[in-house]
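Worksheet: one structure, shown below.
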Amino acid sequence: MNTATLGFRQPIAATIEAVARAGFGAIAPWRRELEGEPVESVARRIRDAGLAVSGYCRSTYIPAADRDAFAAGLADNRRAIDQAAALGAACFVMVVGGLPEGSRDLPDARAQLVEGTAALLDHARKAGMRLALEPLHPMYAADRSVLNTLAQALDLAAALEPAPADAPMLGVAVDVYHVWWDPALSAGIARAGRDRRILAYHVSDWRRETRDLLNDRGMMGDGVIDLRAIRAAVESAGYTGAVEVEIFSTLDWWRREPAETLAACAERLQTVC
Ligand code: ZN
C-alpha cells in the first residue's frame, strides 16, 4: 500500500496500523509523512506491524535553474536516500522533475538528470539503497518528469550502470498509470527483467473520463488498463516484489474513510489485478 492512496489525512502511525490491520504485507510511505518523526521510530513501528517497505517516496526534483539549486536538490536527495536505508525500503522512488521554472530547454533538463542521477548513484551504493527511476506519462514532462518512457529510463540506467555483476543499484519503477499507453511496453518490461532492473510495480487505473490529470487515478478495475496482462508481463520478466497500490484521488477515494479505501484495494487486488 502506497500511503498516498489514503490521502495523507492521518499521522503515519495511524496509517501503518490501518494498512497492517487491512491485511497488506508492505507499505510505501512518503517523506512528507516523516517530517518531525525520527526515522528510526517509524522504521520500528513498520517492522512491529509486520510490514515490509516496498519503496520510499520520493526524490526531490533534479533539473534546476542554477547550479546552487541543483546542488541543494542533490543534497536533499542524499538525505532521503539515507532515510530510505533506515526504513529498510526495497528502493528509493525517483520522480525526477520537469523543466526548471522559466526554461524551454528540455535537452538541458535531461542532461541535468543524467548528471544528477550519476551523483546519487554513488551515494546510493554507499547507503546500500536501490534507486528506482519512475518514468512518468509524458503529460507531466513540463512540471514533474522529463523521464517519460520505460525505454528512456532503462537507457539511462544502462548508461550509468552498464552490466553490473551483482544486482543493479539503479532500476525502474513500473507504474501502470504512466506506462500503459506505451506501444513499446512489452519490450520495455522484458528488457527491464533481463537487466534485473524492475524494483517496483505500482497499480491504479486510468479512467476513460479523466477529470484531473494528476489526482483522478482510478481504483483498479474502474478504468481501461489491462492490469492482468501487465502484471503477467512484469512477473514473467522475473519481478517478485510487491504489487503496490498508488491512487491519487481528490474527487473520490480521498474523500472516503481509509478503512473503506483499504478494503476496496484489497478486494480489487485479488479480483482484477
Ligand atoms: Zn508510482
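Readers should treat all values here as calculations from the given coordinates under stated rules, not as data from a laboratory. Worth saying up front: this structure is predicted, and the values here are computed from it rather than measured. All Cβ positions, even for glycine, are placed from backbone atoms using ideal geometry, and neighbour counts span all protein chains on display.
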Q) So, with +1 on the Cβ of K and R and -1 on the Cβ of D and E, and no other charges, what is the size of the charge dipole of the range 3-271 about its Cα centre, to the nearest 20 debye? A) 440 debye
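Count the net charge of all other residues whose Cβ sits under 10 Å from the Cβ of W180, scoring Lys and Arg as +1 and Asp and Glu as -1. Provide the component values of the computation, followed by the final result.
Working: positive: none; negative: D175, D182, D205, D226.
Around W180, the surrounding residues sum to -4.
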Q) Highest GNM mean-square fluctuation, the chain, Cα pairs closer than 10 Å: which of P11, P168, P135? A) P11
Q: Report the residue, chosen from L214, L121, L136, that carries the largest GNM mean-square fluctuation when the chain is represented by alpha-carbon nodes joined by springs under 10 Å.
A: L214
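Which values, in whole Å and largest first, are the semi-axes of the equivalent ellipsoid of the range 1-59 obtained as the square root of 5 times each eigenvalue of the Cα gyration tensor? If you can, show how the numbers build up before the last one.
On the way: eigenvalues 45, 33, 24 Å².
After scaling each eigenvalue by five and taking roots: 15, 13, 11 Å.
So for the range 158-273, averaging the separation of alpha carbon pairs under 8 Å that are six or more residues apart and normalising by length, what relative contact order in percent results? List each step's numbers first, then the result.
Numbers: 156 pairs, mean separation 30.5, N = 116.
Relative contact order for the range 158-273 comes out at 26 percent.
If we count every other residue with Cβ under 13 angstrom of S103's Cβ, Lys/Arg +1 and Asp/Glu -1, where does the sum land? Each step should come with its number before you reach the end.
On the way: positive: R104, R110; negative: D66, E101, D105, D108, D143.
Charge balance in the 13 Å sphere: -3.
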Q) So if R0 is 41 Å, what FRET efficiency would A259 and R196 give, r being the distance between their Cβ atoms, rounded to the nearest 0.05? A) 0.65
**Q.** Span per principal axis, largest first, for the Cα atoms of the range 73-215 (Å)
**A.** 44, 37, 28
Q. Over all distinct alpha-carbon pairs, what is the Kirkwood Rh of the range 3-271 in angstrom?
A. 18.7 Å
Q. What's the percent breakdown of Cα-Cα distances in the range 167-273 across 5 Å bins, shortest bin first?
A. 2, 13, 23, 23, 18, 12, 7, 2, 0
Q: Bin width 10 Å, alpha-carbon pairs only: give the P(r) of the range 181-243 as whole percents, running from 0 to the bin holding the largest distance.
A: 22, 46, 28, 5
Q: Would you be so kind as to identify all helices of the chain, as entire DSSP H runs, whose Cα atoms reach 27 Å or more along the helix's own axis and whose mean Kyte-Doolittle hydropathy is at least -1.0?
A: 67-87, 106-127
(Q) I want to verify a result. In a Gaussian network model of the chain, Cα cutoff 10 Å, which of these has the top mean-square fluctuation: W254, W30, W181? (A) W181
Q: Pick out, in residue order, every one of the GluC sites (Glu not before Pro) in the range 1-68 that is DSSP loop and has at most 11 other C-beta atoms within 10 Å; say none if there are none.
A: E35
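Given R₀ = 51 Å, FRET efficiency for D108-R45 by Cβ-Cβ distance, to 0.05? If you can, show how the numbers build up before the last one.
Details: r = 42 Å, r/R0 = 0.82.
The computed FRET efficiency comes out at 0.75.
Compute the relative contact order of the range 3-271 as a whole-number percentage, counting only Cα pairs closer than 8 Å that sit 6 or more residues apart in sequence.
Numbers: 496 pairs, mean separation 47.2, N = 269.
Value for the range 3-271: 18 percent.
Give, as a single signed number, the net charge of other residues whose beta carbon lies under 14 Å from the beta carbon of A229, with Lys and Arg counted +1 and Asp and Glu -1. Kindly include the intermediate steps, with their values, before the conclusion.
Working: positive: R228, R231; negative: D182, D205, D226, E235.
Local charge sum for A229: -2.
Could you give the semi-axes, largest first, of the ellipsoid that matches the range 56-120, computed as the square roots of 5 times the alpha carbon gyration tensor eigenvalues and rounded to whole Å?
On the way: eigenvalues 106, 24, 16 Å².
Whole-Å semi-axes of the equivalent ellipsoid: 23, 11, 9.
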Q: Select from G97, V224, V53 the residue farthest towards the positive end of the dipole of the chain; place +1 on Cβ of Lys and Arg, -1 on Cβ of Asp and Glu, and compute about the Cα centre.
A: V53
Q: From the P(r) of the range 167-208, can you give the percent of Cα pairs sitting at distances over 17 Å?
A: 32 percent
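Rounded to the nearest 500, what is the 222 nm mean residue ellipticity of the chain from helices alone, with -39500 (n - 2.57) per DSSP H run of 4+ residues and division by all residues?
Details: 10 runs with 116 residues, N = 273.
Calculated from helices alone, the mean residue ellipticity at 222 nm is -13000 deg cm²/dmol.
Which order do peptides 56-64, 157-165, 139-147 fall in by mean Cβ count within 10 Å, highest first? Walk me through the numbers on the way to the answer.
Numbers: 56-64: 24.2, 157-165: 13.8, 139-147: 19.3.
Packing order, densest peptide first, comes out as 56-64, 139-147, 157-165.
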